[in-house]
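Here's the structure, in structure tokens; my notes come after.
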Amino acid sequence: MSESPVHRVRAQDFYDFHKCPHRVYLNRLGDPKKRRPLSDFLNLIFERALLHEQDVLKDLPFDSPEGATIEEQFVSTLRLMTAGAERIFQGVLLGNGISGRPDLLERVAGRSHFGDFYYKPVDIKSGSGYLNEEKGTLREDYGLMLYHYGALLQNVQKFFPPEGEILNRKKQRVLYRLADFATPYAKLFPEILALVGGKATDEPVRCGDCGECQWWNHCESVLLAASDLSLLPKVGRDKRMALHAAGLRAIPDVINFDFDAVQIKGIGPATADLLKRSARALTTGKLEILSKPLLPDAPLKIYFDFEDDPTQELVYLCGMWVEPAIRGLNYHGLFAEDEAKEALLWADFQAFCAEIEAQDYVVFHYSGYEKVKLAQLERKHGLKEKAALENFRSRMVDLRKIVEDSVVLPERGYGLKKVAPYAGHKYTDEKAGGAQSMVWFHEYQQNPNDSRIIQTLQTYNQEDCQALKAICEWLKTLA
């Protein structure tokens, strides 16, 4: 155990690797001065996780290791395991170049170095524990973390536990068969070992998780200086790798590249054309019109937007900006502070759909998010107004698709907050966004008598709906 703890592979590294391999390197060997403080959103996530852990543990008896150093805590953990402790919280496991601190080690009947029992790893998570709960699909990053604990357990108990578990936000146990993760673990382990030891660094690549990462300011400066290809919309790690293999290193290289002469995996004619146009737009700072947008019209227009908290699996705001006004109101904001109220929100929304069922109307939304949430609410709370809801769904129009089909913007992506300024739309709060909305909602749950927080939430949701209207009006001006 003489190797530096900094260079030991930890379970967390497998989670981080799934987000971004470069993060694994930076967490160990990056300049701490370039690491920005945790955002309000990440602080909220960690606070939720801690509260959930405390809630779970209050129902479970456990022992904890003692000691001031990780080595002392490892020795103490071994003593507890040898003594047959039923459950060990935050036990420390060390091996050759690896370490781990599972939330729980639980005793299971069987055979091991310790006698007629062995230990299995259990991690407490504030999410569902699934990648897709409806399909029963497990998360690979969680599986790899549990497998890592299994490898450490094999070192000390001379038996590899066949199963690990995730204790999820509902205090349900999600079973992970560890053998299912042996192959990806064996593939990733040497890559992660090279990163934590500084023998490899990987490279920063822009992805959907960058905005909340503590290293993003550092990585963004590197990407901008290199005019990196991942700054182009829809160019992630795999596509950038394919472009690199063809000799393309920076955005200007794309503009005059002959894609017809070189076959690049995953880059067909349509994608090549989009890459060229996006590279040109980012280089010149000018948008390009592809075609005149075709927007459906109707006497009644509804601009529709949900806000939800996936950590609580809760839709807390259903917003609609309606023109002309219904019941004297343009903005209809249905609010729910908990699951019981979410059921009422869903009932009110269905009643609204029934109220307008006989009218000629169109519903504008942005991306597939709203349709996904409608399906989730239906599965969760049932259906009372089937015909009205199906009618509503049939009239939904995805504005994002129309934007992407109509214009090429000098932007890195086509999210609502990126597109709205081109339509002249501004938000009251500079921090406005989905993550910040979740922070405000949590503040409301902590202070339910503070009406100002509800007003802030509804103002943001209303402005999202109004952004949809502004984008519609802007698209009509494009020729």
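The values are calculated or read from the model by the stated rules, or taken from the named source; none is laboratory data. Small disclaimer: the values here were computed from a predicted structure and weren't measured. Neighbour counts run over all protein chains shown; Cβ positions are idealised from the backbone, glycine included.
With assigned by TED's automatic domain parsing to the domain that holds PHE441, in contact (Cβ under 8 Å) with a residue 24 or more places away in the chain and either not in a strand (DSSP E or B) or not acidic (Asp, Glu) (or both) as the only criterion, which of LEU389, LEU344 stands out? Before you say what the answer is, go through the steps one by one.
On the way: LEU344 fails: in contact (Cβ under 8 Å) with a residue 24 or more places away in the chain.
Exactly one of LEU389, LEU344 is assigned by TED's automatic domain parsing to the domain that holds PHE441, in contact (Cβ under 8 Å) with a residue 24 or more places away in the chain and either not in a strand (DSSP E or B) or not acidic (Asp, Glu) (or both), namely LEU389.
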For residues that are of a type in the set (Phe, Trp, Tyr) and assigned to a helix (DSSP H, G or I), scanning just the stretch 392-441, find the one that is farthest from GLU355 (Cα to Cα). TYR422
Could you say whether any residue in the stretch 248-266 is modelled with pLDDT of 95 or more, part of a helix (DSSP H, G or I) and out of contact with any Ser or Thr (no Cβ under 9 Å at 6 or more places or on another chain)? no
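The rows are residues; the columns are (1) more than 26 Å from ARG173 (Cα to Cα); (2) surrounded by fewer than 14 Cβ atoms within 10 Å (Cβ to Cβ).
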| site | (1), (2) |
| --- | --- |
| LEU29 | yes, no |
| LYS33 | yes, yes |
| PHE41 | yes, no |
| GLU47 | no, yes |
| LYS58 | no, yes |
| THR77 | no, no |
| GLY84 | no, yes |
Restricting the search to the stretch 110-130, which residues are within 19 Å of VAL174 (Cα to Cα) and either of a type in the set (Ser, Thr, Tyr) or in contact with a strand residue (DSSP E or B) (Cβ under 6 Å, 6 or more places away or on another chain) (or both)? TYR119, LYS120, PRO121, VAL122, ASP123, ILE124, LYS125, SER126, SER128, GLY129, TYR130
For the stretch 352-371, what are the residues that are assigned to a helix (DSSP H, G or I), at pLDDT 95 or above and under 26 Å from TRP474 (Cβ atoms)? GLU370, LYS371
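Give me a count of the residues in the stretch 54-93 that are touching a Ser or Thr at 6+ places or on another chain (Cβ under 8 Å) and assigned to a helix (DSSP H, G or I).
Taking the stretch 54-93 and keeping what is touching a Ser or Thr at 6+ places or on another chain (Cβ under 8 Å), we get 65-67, 70, 88-93.
Then drop every residue that is not assigned to a helix (DSSP H, G or I), which leaves 70.
Selection size over the stretch 54-93: 1.
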Go through the residues of the stretch 1-15 one by one and say whether even a single one is under 22 Å from LEU193 (Cα atoms), at pLDDT 95 or above, in a strand (DSSP E or B) and not aromatic (Phe, Trp, Tyr). yes
Given GLU191, GLU203, which one is at pLDDT below 95 and not in a strand (DSSP E or B)? GLU203
Mind listing whichever residues of the stretch 449-475 are surrounded by fewer than 20 Cβ atoms within 10 Å (Cβ to Cβ) and either of a type in the set (Phe, Trp, Tyr) or outside the structural domain of LEU329 (by TED's automatic domain parsing) (or both)? TRP474
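Mind listing whichever residues of the stretch 206-224 are part of a loop (DSSP other than H, G, I, E, B) and surrounded by 12 or more Cβ atoms within 10 Å (Cβ to Cβ)?
So in the stretch 206-224, the residues part of a loop (DSSP other than H, G, I, E, B) come out as 206-209, 213-215.
ARG206, CYS207, ASP209, CYS213, GLN214, TRP215, listed by residue number.
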Among the residues of the stretch 268-323, which ones are assigned to a strand (DSSP E or B) and in contact with a Pro (Cβ under 8 Å, 6 or more places away or on another chain)? LEU300
Criterion violated by GLN446 - all others in (1) of a type outside the set (Lys, Arg); (2) within 20 Å of PHE335 (Cα to Cα); (3) in contact with a strand residue (DSSP E or B) (Cβ under 8 Å, 6 or more places away or on another chain) satisfied: (3)
